[in-house]
Structures are given as C-alpha cells and as structure tokens.
C-alpha cells in the first residue's frame, strides 16, 4: 500500500514572515497579518515548478476584504495534475479587538486525490494574532492545525506548528523581523527577515531560515492603476530554487 508522508501539504518551500507581510500572498500562515494591508486586495500567483518538479506546478488565488474592525480572507490553492491533485480552500476572519491587537481564525478544507489509489479530505483550524506593542515594536503569533487533523487516522500527514516573532521598525520604511517556527515532533527553525518599503517601487524583503536552510527574496512591485506584481524566489539547501510569479489588484 502506498504510504503517504508529511511533505504532501508542503506545496512549495517557503519562509513564513514572523509578524507582518509585504503582500496578500504572504498571509496564509497567519491571516491576522492582513491588518498590515491597508486596502482590499485580490491576487493570483503561479509556481511553475515546486521542488524543481514541473508536474507539481502550484496555482493560488487570494482575496481580502476589510469592513470596520473585521478582516475577511479567502484562499484557493492547489496542484492539479492527472496523477496527483491537492487543493486547499480556506476562509479566515480577523477582528481588531483593541486598537493594538488583532486576532484571526482560519478554517481550511484540504483535498487530496492520487490516481488509482484513494481520495482524502480533512478540515483544519488555525489561530493567530498581531499585537502592536508600541510605535516601533510588533509581536505576532500563529498556531496551525490546532485540532491536529489528518487525512487518515493514525497518520501524520498534517503536522502542527507554531510561529512566533517580533518586528522592529529600525527607521522609516525599514523593518527587521526575527522569529521561530516550532514544528511539533519535528525540527524547528529561527527566521530573520529584512523588509524595505520604497515610495514608488513597492516593498521588498530578504529572509533566512536556519532549518531547513533557506534564503528567500520577495518583491511586491507597484504597477499602474492599482495593480501590483508579485515575485518570490526561494533557495532551499536541498530542493534548490523555486520561483513564484503573480499579479494583484487593490481597491477600496
């Protein structure tokens, strides 16, 4: 019998930002980070080759909508191949409880189909929050799969993990983030991110993760008429380089 493993849900190697994000594409691990996005957004992205394997091309569609103190986030992503199909459908809601604290709850439906083998489905819940400690310091956290759901009983496909981090605004339009990603029953990592905002160009970030060792470049480039372009490059010490390309639109 085919034995599934924990890599199934890792659609692409990626470093999660510990606190804030540079685009709508970066908030899937903690939707409360949408508080940093000032306008409503919709974006689509494409990874031509996950893990260096073209058959594992990944598609993603995200949308966010803010209304008063509520933040809504929708996510559809997946690998759609004849042999192997994995998809994720998610909805998140964030609420600014206080002037300096936003929390969020996510519900995700995960679907997996392997040709001539079986079809699986699971529902997972994530929790997260961002606390603005003062003008220059923010604290963020996220706990994924809080109910420890899996595709099959007694199987560890869906791993639990927790993300904690601090963000410091070193000077105008430049932030430094440091955090840790704790993987239950697995290795954990320390994360460093440098985020720079340019008035006309957009936002860029450079990140490093210790385990696995990864270097990541993220660009969110301003285009015309409220459109923006997204480019992500991740170098994994084992899996090599993964590129992601996207386009988005912001609106009020």
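The values are calculated or read from the model by the stated rules, or taken from the named source; none is laboratory data. Please read all numbers here as calculations on a predicted model, not as lab measurements. Every residue, glycine as well, gets a Cβ built from its backbone with ideal geometry; the counts of neighbours run over all protein chains shown.
Check the stretch 98-115 and report whether any residue there is in a helix (DSSP H, G or I) and either under 18 Å from residue 144 (Cα atoms) or without any contact (Cβ under 8 Å) to a residue 60 or more places away in the chain (or both). Please lay out each step first, then the result.
Step one: filter the stretch 98-115 for residues in a helix (DSSP H, G or I), giving none.
There is no residue in the stretch 98-115 that is in a helix (DSSP H, G or I) and either under 18 Å from residue 144 (Cα atoms) or without any contact (Cβ under 8 Å) to a residue 60 or more places away in the chain (or both).
Residue by residue, here is whether (1) without any contact (Cβ under 8 Å) to a residue 40 or more places away in the chain; (2) under 29 Å from residue 240 (Cα atoms); (3) touching a strand residue (DSSP E or B) at 6+ places or on another chain (Cβ under 8 Å) holds:
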{"residue": "48", "(1), (2), (3)": "no, yes, yes"}
{"residue": "65", "(1), (2), (3)": "yes, no, yes"}
{"residue": "69", "(1), (2), (3)": "yes, no, yes"}
{"residue": "83", "(1), (2), (3)": "yes, yes, yes"}
{"residue": "91", "(1), (2), (3)": "yes, no, yes"}
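Within the stretch 62-77, count every residue that is crowded, with 19+ Cβ neighbours inside 10 Å and either at pLDDT 90 or above or within 17 Å of the chain's Cα centre (by Cα) (or both). Steps first, please.
We begin by selecting, within the stretch 62-77, every residue crowded, with 19+ Cβ neighbours inside 10 Å; these are 62, 64, 66, 71, 73, 75, 77.
Now narrow it down to the ones that are either at pLDDT 90 or above or within 17 Å of the chain's Cα centre (by Cα) (or both): 62, 64, 71, 73, 75, 77.
Residues in the stretch 62-77 being crowded, with 19+ Cβ neighbours inside 10 Å and either at pLDDT 90 or above or within 17 Å of the chain's Cα centre (by Cα) (or both): 6 in total.
Just to be sure before I move on: is residue 35 touching a helix residue (DSSP H, G or I) at 6+ places or on another chain (Cβ under 9 Å) and either outside any loop (DSSP other than H, G, I, E, B) or surrounded by 20 or more Cβ atoms within 10 Å (Cβ to Cβ) (or both) in the structure I sent? It would help to see each step written out before you state the result.
Values: touching a helix residue (DSSP H, G or I) at 6+ places or on another chain (Cβ under 9 Å): no; either outside any loop (DSSP other than H, G, I, E, B) or surrounded by 20 or more Cβ atoms within 10 Å (Cβ to Cβ) (or both): yes.
No.
In the stretch 144-154, is there at least one residue being at pLDDT 85 or above, within 21 Å of residue 22 (Cα to Cα) and surrounded by fewer than 18 Cβ atoms within 10 Å (Cβ to Cβ)?
First, the residues of the stretch 144-154 that are at pLDDT 85 or above: 144-146.
Still in the running and within 21 Å of residue 22 (Cα to Cα): 144.
Within this subset, residues satisfying the condition of being surrounded by fewer than 18 Cβ atoms within 10 Å (Cβ to Cβ) are none.
No, there is no match, as no residue in the stretch 144-154 is at pLDDT 85 or above, within 21 Å of residue 22 (Cα to Cα) and surrounded by fewer than 18 Cβ atoms within 10 Å (Cβ to Cβ).
What are the residues in the stretch 60-86 that are over 21 Å from residue 106 (Cβ atoms) and in a strand (DSSP E or B), if any? Give the steps one after another, and end with the answer.
Restricting attention to the stretch 60-86, the residues satisfying the condition of being over 21 Å from residue 106 (Cβ atoms) are 80-85.
80, 84, 85 - these are the residues of the stretch 60-86 that are over 21 Å from residue 106 (Cβ atoms) and in a strand (DSSP E or B).
At pLDDT 80 or above, part of a strand (DSSP E or B) and farther than 21 Å from residue 25 by Cβ: is that true of residue 89 in this structure?
Details: at pLDDT 80 or above: yes; part of a strand (DSSP E or B): yes; farther than 21 Å from residue 25 by Cβ: no.
Answer is no for this residue.
Scan the stretch 49-61 and give yes if some residue there is within 18 Å of residue 125 (Cα to Cα) and surrounded by fewer than 20 Cβ atoms within 10 Å (Cβ to Cβ), otherwise no. Before the answer, list the steps.
Narrowing the stretch 49-61 to residues within 18 Å of residue 125 (Cα to Cα): none.
Scanning the stretch 49-61 turns up no residue that is within 18 Å of residue 125 (Cα to Cα) and surrounded by fewer than 20 Cβ atoms within 10 Å (Cβ to Cβ).
Suppose the filter is surrounded by 13 or more Cβ atoms within 10 Å (Cβ to Cβ) and part of a strand (DSSP E or B); does residue 123 pass it?
No; evaluated as a whole, the condition is false for this residue.
Give the residue that is farthest from residue 24 (Cα to Cα), with candidates limited to residues of the stretch 45-59 that are in contact with a helix residue (DSSP H, G or I) (Cβ under 9 Å, 6 or more places away or on another chain) and assigned to a strand (DSSP E or B).
Filtering the stretch 45-59 for residues that are in contact with a helix residue (DSSP H, G or I) (Cβ under 9 Å, 6 or more places away or on another chain) and assigned to a strand (DSSP E or B), the one farthest from residue 24 (Cα to Cα) comes out as 50.
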